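Following: one structure in structure tokens, then a few remarks.
The values are calculated or read from the model by the stated rules, or taken from the named source; none is laboratory data. Keep in mind that this is a model prediction, so the values were computed, not measured. Backbone-built Cβ (ideal geometry, glycine too); neighbour counts: all protein chains shown.
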Amino acid sequence: MDGEIKIHNRHAFDNWKVASPFSRTSAFLADSVLVLSILIGILFWLDISPNSKTIFLLWFAGIWIWDAIWISFFGSTPAKKAVGLYVYSPRFDGAPHPIQVCVRIITFWFGFIIMGLGLTPILVRKDRRGWHDHLSETLVLGPRKSTPGSVSQSVGQGFTLAQVLIVFGIIGAWVLSLGIKGVKSAERLAIQCEDPQVIMK
């Protein structure tokens with residue numbers, strides 16, 4: 001790894017031991033459970049019993065803060081470190097800058113919210129980078145190199161197409177519903193202008 005760290009060409013990711021999607025997912029789930037456990041412990045200690053929605057919002061904020069602090073200072077979270085993963089920044093030749101970490105966290109959740117469209121590239125790309133990896137100029141390294149096979153690439157590409165269709169379908173349906181509401185409002189306004197008595201009803 002020492003010889004590899006000297007490589008600063010950000011496009012030469014074939015030389016890096018990029019982590020597998022499975023190890024990254026496992027680490028994320030483990031961190032999520034850890035944050036939730038700490039949160040529940042604090043709430044229990046404070047004798048607070050919030051509803052499930054509040055717990056979710058607190059967990060969501062907690063996982064942001066958790067990732068921001070651990071990755072900024074140590075380049076890895078406890079769960080990532082346990083499985084030998086760390087977030088690397090070729091620009092700084094080590095742990096990413098806090099701004100990179102913020103960009104990484106925000107774009108991760110954005111890519112997750114839109115049907116995981118920003119995360120699917122991790123399955124099919126040789127450098128195992130999602131939108132958040134690209135936009136933050138970081139990558140996740142592990143103990144061994146992971147490369148996608150032909151099957152995972154085919155499945156990933158098909159899945160990406162399905163995601164795109166679903167996302168654009170949802171956006172199209174939303175725009176259509178707004179158009180229908182606008183037409184109905186215009187019709188009602190036209191009726192009111194023609195018959196002032198309608199306004200009194």
Out of the residues in the stretch 125-147 that are over 18 Å from Ala95 (Cβ atoms) and surrounded by 23 or more Cβ atoms within 10 Å (Cβ to Cβ), which is modelled with the highest pLDDT?
Gly130
Would you mind stating whether Ile69 is aliphatic (A, V, I, L, M) and touching a Lys or Arg at 6+ places or on another chain (Cβ under 9 Å)?
no
Count of the stretch 19-53 residues which are under 16 Å from Gly142 (Cβ atoms) and modelled with pLDDT under 90
0
Set Ser76, Ser49: member being of a type in the set (Ser, Thr, Tyr), closer than 18 Å to Val33 by Cβ, in a loop (DSSP other than H, G, I, E, B) and over 16 Å from the mean Cα position of the chain (by Cα):
Ser76
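Matching residues to (1) in contact with a strand residue (DSSP E or B) (Cβ under 8 Å, 6 or more places away or on another chain); (2) part of a helix (DSSP H, G or I):
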residue	(1), (2)
Pro96	yes, no
Trp109	no, yes
Phe112	no, yes
Leu117	no, no
Which condition number does Leu117 fail, the rest of (1) crowded, with 22+ Cβ neighbours inside 10 Å; (2) modelled with pLDDT under 90 being met?
(1)
Could you pull out the residue among Trp64, Trp70, Trp59 that is in contact (Cβ under 8 Å) with a residue 40 or more places away in the chain and in a helix (DSSP H, G or I)?
Trp64
Can you tell me which residue among Trp109, Trp70 is closer than 25 Å to Leu36 by Cα and surrounded by fewer than 18 Cβ atoms within 10 Å (Cβ to Cβ)?
Trp109
